[in-house]
Structure formats: structure tokens, C-alpha cells
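**Q** I have a structure I would like to understand better, so I am pasting it below and will then ask my questions one at a time.
The values are calculated or read from the model by the stated rules, or taken from the named source; none is laboratory data. On a predicted model such as this, the values are computed, not experimentally measured, just so you know. In this analysis, Cβ positions are derived from the backbone assuming ideal geometry, glycine residues included, and neighbour counts consider all displayed protein chains.
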Amino acid sequence: MSNSMSHQVQFHCERPRLHRLRAGDSAVTTDANLSPSRAPRIAFQGALGAYSEMAAARFGVPAPYPTFAAVCAATLAGEVELGVLPVSNNIAGDVPEARALLRSRALRLLDEFWLPIEHCLLGLPGATVADATHILSHWQALRQCANVFERHAWLRPTTVYDTAGAAKLIRARGRRNLLAIASRRAAAHYQLSVLAENIADRADNATCFVLFQAR
């Protein structure tokens with residue numbers, strides 16, 4: 001990403017390009033052959049299995065933090081070398097909190113890229129859509145899957161801090177009436193069943209992420 005973007009804090013995520021960046025494609029100096037001990041640590045918001053973790057893994061070793069603000073704080077404090085935040089989705093639109101945080105002049109924006117988002121409907125083994133009452137997920141994911149609630153009007157959308165966090169909560173609570181919208185990776189990590197795949201309103205669902213570091 002150009003220096004002008006770093007200073008003016010301009011985002012260019014209006015249209016999904018859906019290119020899949022490798023570490024070598026980035027403005028960040030990384031090496032795909034680096035061992036985990038030498039690869040940069042990259043802060044992301046959410047639980048393990050989050051789409052932000054997948055975004056961070058493209059450039060180094062993901063490090064989870066609970067909030068967008070915590071990701072920025074960890075990067076500024078030197079706890080990690082880099083941070084990554086989602087700034088826009090082609091269905092649900094901008095992520096205002098992330099954009100506001102990235103306008104800090106203490107942060108240097110390095111790269112932006114689109115990550116394809118493939119939402120799944122997850123539940124405990126034995127759970128069914130017919131017996132469910134609530135679907136948990138991040139507000140952006142719930143908005144991206146509005147068709148699910150149109151087709152299953154009895155299901156109540158319930159906002160939690162993260163898509164993978166929703167999967168983690170379902171596993172912890174052990175209730176089959178709760179479902180989550182999250183990734184297949186989250187399903188595997190929290191040992192949940194995949195009840196439906198590719199449930200977003202559009203097949204080309206994608207989120208734009210920005211990679212950054214402290215100045």
C-alpha cells in the first residue's frame with residue numbers, strides 16, 4: 001500500500017477483487033519459509049477459527065485479542081509486530097469501529113486485501129434447524145445471512161463479539177437450541193456439526209482487511 005494511503009488513511013475497498021494474497025505479495029517483508037518462531041506475530045480480533053485469524057495467517061502467526069481496540073493497543077505496545085482488522089464487507093458494508101481506529105496517526109497502514117467469506121450454520125452434534133431457537137454470530141455475519149432468517153422466521157438473531165466466538169459459546173453452553181454462523185474452520189476447532197454451507201446472501205461474499213503496524 002502506498003505511503004499516501006498511510007498518511008491520508010484512504011481505503012480502497014469499494015469493490016471486491018477477491019485476489020488471494022500470499023505473504024510475498026504484501027508490502028510487508030515476510031518469507032513464506034520462515035519458521036513460526038521467526039514469523040511476525042499478527043494481532044486479530046476474535047476467537048480461534050475467526051475469519052480474521054485466517055487473514056492474519058497469510059502474513060505470520062495469528063495472536064487473538066478480544067476487541068478491535070485491543071488489537072490496535074497490542075500493536076502500538078509492541079506485543080505483536082502487526083495487526084489486521086476488517087474494514088468492509090460487500091454485503092453488509094463498512095465496519096465503522098475498525099475504520100475509526102485505523103485513522104490514528106500512530107498506525108501505519110501497510111496493505112489491504114479481500115478475503116472470501118464462506119459462512120456455515122453450525123450446531124452441537126444432533127442439533128437441527130427445526131429445533132433451534134437462536135442463531136449467534138457477529139452482527140456483520142448476521143446481516144450477511146439475512147436469507148436464513150427470512151426462510152426460518154422462528155430463529156432469533158443474537159449478536160456476539162465474533163463468529164468463532166459464537167461457535168465457542170455454543171460448545172461451552174452445550175445447548176442444541178443454539179446455532180452459530182461461522183467458518184468450517186471454527187466448526188472443526190470447537191467440534192461442532194455443519195448443518196448448512198455457503199449460507200450468505202451472495203455467493204461472492206467477501207471482507208476487506210487492512211494490515212498495519214505501529215509507526
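**Q** crowded, with 17+ Cβ neighbours inside 10 Å, at negative phi, in a strand (DSSP E or B) and aromatic (Phe, Trp, Tyr): is that true of residue 113 in this structure?
**A** yes
**Q** With the requirement that a residue be touching a strand residue (DSSP E or B) at 6+ places or on another chain (Cβ under 8 Å) and either in the same structural domain as residue 68 (by TED's automatic domain parsing) or not hydrophobic (A, V, I, L, M, F, W, C) (or both), what does region 126-142 give you?
**A** Answer for region 126-142, where residues must be touching a strand residue (DSSP E or B) at 6+ places or on another chain (Cβ under 8 Å) and either in the same structural domain as residue 68 (by TED's automatic domain parsing) or not hydrophobic (A, V, I, L, M, F, W, C) (or both): 126, 128, 133, 134, 137, 138, 140.
**Q** Continuing with the same structure: Every residue in region 125-149 that is under 14 Å from the mean Cα position of the chain (by Cα) and closer than 11 Å to residue 162 by Cα, please.
**A** The answer is 137, 138, 139, 140, 141, 142.
**Q** Do we find that residue 153 is hydrophobic (A, V, I, L, M, F, W, C), at pLDDT 95 or above and either buried (at least 17 other Cβ atoms within 10 Å of the Cβ) or under 18 Å from residue 53 (Cα atoms) (or both) in this structure? Give the derivation first.
**A** Working: hydrophobic (A, V, I, L, M, F, W, C): yes; at pLDDT 95 or above: yes; either buried (at least 17 other Cβ atoms within 10 Å of the Cβ) or under 18 Å from residue 53 (Cα atoms) (or both): no.
No, not satisfied.
**Q** If you don't mind, another one. Taking region 70-105 as the search range and keeping residues that are farther than 18 Å from residue 143 by Cα and touching a helix residue (DSSP H, G or I) at 6+ places or on another chain (Cβ under 6 Å), which one is surrounded by the fewest Cβ atoms within 10 Å (Cβ to Cβ)?
**A** Among those that are farther than 18 Å from residue 143 by Cα and touching a helix residue (DSSP H, G or I) at 6+ places or on another chain (Cβ under 6 Å), it is 101.
**Q** While we're looking at this one, here's another question. Which members of region 58-93 meet the condition of being closer than 15 Å to residue 207 by Cα and not in a strand (DSSP E or B)? Before you say what the answer is, go through the steps one by one.
**A** Let us first name the residues in region 58-93 that are closer than 15 Å to residue 207 by Cα, namely 58, 84-93.
The answer is 58, 90, 91, 92.
**Q** Now a separate question. Quick check on my filter: what residues within region 176-201 are of a type in the set (Val, Ile, Thr) and crowded, with 17+ Cβ neighbours inside 10 Å?
**A** Those that are of a type in the set (Val, Ile, Thr) and crowded, with 17+ Cβ neighbours inside 10 Å: 181, 199.
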